[in-house]
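The values are calculated or read from the model by the stated rules, or taken from the named source; none is laboratory data. It should be emphasised that the depicted structure is a prediction, and the values quoted were computed from it without experimental measurement. Cβ sites come from the backbone with ideal geometry, for glycine too, and all protein chains shown count toward neighbours.
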Amino acid sequence: MAETDDIRAGEQAVTFPDRVDAAIIFIGRIHTPWSERKQCPRQGRRDGPICRVEIFEPWVEALDGIETYQQIELLYWLDRSRRDLVIQNPAHDDRIRGTFSLRSPLRPNPIGTSIVTLAERDGAFLMVRGLDCLDGTPLVDVKPDRCAYTPLALPK
């Protein structure tokens, strides 16, 4: 992962549009032990450290029932990522590729996702394992892991 906003050989950036299509409400903040990109485990680790996910009011009540899931999906805003690269040269790969063929945090809309193990809920806080983001990352959403969620059957 690039430590700076420098462009690597073969990468291509575009002019970022002025227009904004939507707004996102940050519902919380993620607290991890990592303050620099190079410290973050790539794609998270199931045996990684416990990280704390803080949910802001008025969204705390929306956590009711989350404890019934062992795994949850977190969506977060990678607020320290550049957003203008369309072609990237990943440090861990020899191939130069398009942004949408990578899981790089450098994206037009830098939304990160992780399926994490829920260790505990303590009021407005979720203790989880498996994250790969920097300390202070804004939280966009919390969902039950789609593999563990069984929807109600539709009436016939």
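A compact table of results
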{"item": "Some residue of region 77-95 being at positive phi, free of Cβ contacts under 8 Å to residues at least 40 places away in the same chain and not basic (Lys, Arg)", "result": "no"}
{"item": "Extreme residue, farthest from Arg129 (Cα to Cα), among residues of region 46-61 that are acidic (Asp, Glu) and under 18 Å from the mean Cα position of the chain (by Cα)", "result": "Glu54"}
{"item": "Test result for Asp64, closer than 21 Å to Met127 by Cβ, exposed (fewer than 12 other Cβ atoms within 10 Å of the Cβ) and more than 15 Å from the chain's Cα centre (by Cα)", "result": "yes"}
{"item": "Single condition Arg83 does not satisfy, out of (1) of a type outside the set (Val, Ile, Thr); (2) in a loop (DSSP other than H, G, I, E, B); (3) modelled with pLDDT under 90; (4) under 18 Å from the mean Cα position of the chain (by Cα)", "result": "(3)"}
{"item": "Among residues of region 24-61, those that are farther than 13 Å from Leu126 by Cβ and in a loop (DSSP other than H, G, I, E, B), counted", "result": "19"}
{"item": "Pairs, first touching a residue at least 40 places away in the same chain (Cβ under 8 Å) in region 47-75, second acidic (Asp, Glu) and assigned to a loop (DSSP other than H, G, I, E, B), C-beta under 9 Å, six or more apart", "result": "Gly48/Asp132; Cys51/Asp135; Tyr69/Asp145; Gln70/Asp145; Gln71/Asp145; Ile72/Asp145; Glu73/Asp145"}
{"item": "Residue list for region 81-103, filter: in contact with a Leu (Cβ under 7 Å, 6 or more places away or on another chain) and within 15 Å of Thr113 (Cα to Cα)", "result": "Ser81"}
{"item": "Residue count, region 9-30 (criterion: buried (at least 16 other Cβ atoms within 10 Å of the Cβ) and either more than 25 Å from His92 (Cα to Cα) or within 18 Å of the chain's Cα centre (by Cα) (or both))", "result": "4"}
{"item": "Within region 136-156, considering residues that are surrounded by fewer than 16 Cβ atoms within 10 Å (Cβ to Cβ) and either touching a Lys or Arg at 6+ places or on another chain (Cβ under 7 Å) or at pLDDT 85 or above (or both), the one farthest from Ala62 (Cα to Cα)", "result": "Gly136"}
{"item": "Residue list for region 62-76, restricted to those being part of a loop (DSSP other than H, G, I, E, B) and more than 30 Å from Leu102 (Cα to Cα)", "result": "Asp64, Gly65"}
